[in-house]
Every structure is written in C-alpha cells, then in structure tokens.
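Have a look at the structure below, then the notes.
The values are calculated or read from the model by the stated rules, or taken from the named source; none is laboratory data. Keep in mind that this is a model prediction, so the values were computed, not measured. Using ideal geometry, Cβ is built from the backbone for each residue, glycine included, and neighbour counts are taken over all protein chains shown. We work out accessible area using only protein heavy atoms, side chains counted, and drop any ligands, DNA or RNA first. Shrake-Rupley method; radii C 1.70, N 1.55, O 1.52, S 1.80 Å.
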Amino acid sequence: MKLPKTAHTSRPWRIHELTRDFQVEDVWALPTPGGPDDLPRLVEQTVRGDDFPKNAPLVVRVVWAARWKIGAVLGWDRPKTGLGSRVVSLRDRMPDDLREAPKGPESDTFPLTPMYLLKDEWAAEMANGTVHTVMHIGWVPDGSGGYRGQMAVLVKPNGRFGAAYMAAIKPFRLWIVYPALMREIGRSWRAGAEGQPPVRT
C-alpha cells in the first residue's frame, strides 16, 4: 500500500541526517507482518532475493529489461556514473556510531550498496547517470500489536535530465513495477514464515 510521504518524514529515522538534499519519492507499507525483531529477516530477503522480476508479470519484465537495455546503450550505468565517481557515497556523511554499525548482508546481484543496519531501520544507496538514490526500510508498529516493514525511496536527480527521467518513469513505477514488487515481497515473506531456511547472519 502506498503511503503519504509524512509516513517517512515524521519518524525519527537516522537516515534524515544524511539525506537533507534528497527528496522522498515514494513510501510503501510492506506486506510483511512480524514481531519487533524481524527487520534482519526482511533485509536478508531484500538483498538475497532473486525472484523479482523473473516471477513478475510479463509487462513488468518487459519494462524492467527495457530500462537496463536503454541504460546500457546510453551509458547510464557505467562505473564512472556511480558511487565514488559521479557522486560521493553517503557513508562519507555518516557519524561515527553509524560507521561502526553493521551494514547488513551484501550480495553481488543486489544493485545497491548497504550503508547501515540498526534495530528498526536499514539503508542502502545506488548512483547512476540519472539519479543518486537511497532505499530505506524501516520496521514500524502496524497498529494492531505487531510490526511490518515500510520502504521509502529517496532520490537526488542528476540535474534537469535526472528530474525529467524520474518524471517520465513515474507512471511505470507506480502502476506497474511497484504493485508487482509488493506482491513478490509478500509472497517471499509468507514463504519464509512457513518454514523456509532461516536467514544467514
């Protein structure tokens, strides 16, 4: 379920200290009901999971493949457009306590670079020729005695071109990609709760 941006900005997340020059693009309630200590399992699922978009509907797979094909042709995803080249990693802004915190799991197939993992929030970043972006996952009370994940996408577009790109992909993101992603997150979460192997630490 899509949430108002205040669902992210009103919470005392540590990520706010690092992203004052970013804008909140999207906030979503994740279909991941759990207990107070389940954030690591959600982060593990996010980083290690490889079912999206291969298990998504055809239209999602087409949109996804088209983005990476266009990016390859136009050079949006070359190393010189990424972290440490076009932009400085947000880890350089982190205070000592966040630097010393665990980053969480990493994977060669996950396109974002983990920044930190705390009891109730995790953040990872990525940069390319269009945008510098942060995926932030918080673990929040669900209003009925349990907890669930909440995902925010924060962006800093690369100039006018990046802003135009974000505007152009917004309908595809909101109405095609994210609904399919939410379904896959929920499916994977339920599978994990039904006795799949525990998370690796």
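See the values below:
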read-out: Mean projected area in nm² (Cα convex hull; one quarter of hull surface) for the range 21-64; value: 5.0
read-out: Interatomic Cα distance distribution for the chain, bins of 10 angstrom, percent; value: 8, 34, 40, 17, 1
read-out: Segments 86-96, 152-162, 69-79 sorted - mean Cβ within 10 Å per residue, highest first; value: 152-162, 86-96, 69-79
read-out: Stokes-Einstein D (µm²/s) once Rh is taken as the Kirkwood radius of the range 105-194 over alpha-carbon pairs, at 20 °C in 1.002 mPa s; value: 142
read-out: DSSP H segments from the chain that extend 18 Å or more along their own axis, Cα-based, with Kyte-Doolittle mean of 1.0 or above; value: 58-74
read-out: Per-pair calculated FRET efficiency, R0 = 45 Å: residue 100 and residue 170 via Cβ, rounded to 0.05; value: 0.75
read-out: The range 68-186 - accessible surface per residue (Å², probe 1.4 Å); value: 50
read-out: Accessible surface of the range 97-137 [probe 1.4 Å, protein heavy atoms]: carbon and sulfur percent; value: 52
read-out: Percent of C-alpha pairs per 10 Å bin, the range 48-94, short to long; value: 23, 30, 34, 13, 0
read-out: Over 23 Å between alpha carbons, listed pairs 5/156; 2/170; 2/80; 119/170; 54/80; value: 2/80; 119/170; 54/80
read-out: Centroid-to-centroid separation of the range 32-87 and the range 127-191 [C-alpha atoms, Å]; value: 10
read-out: Packing rank of 125-133, 180-188, 97-105, where each peptide gets the mean count of other beta carbons within 10 Å, highest leading; value: 125-133, 180-188, 97-105
read-out: Projected area averaged over orientations for the range 1-120, convex hull of C-alpha atoms, nm²; value: 9.2
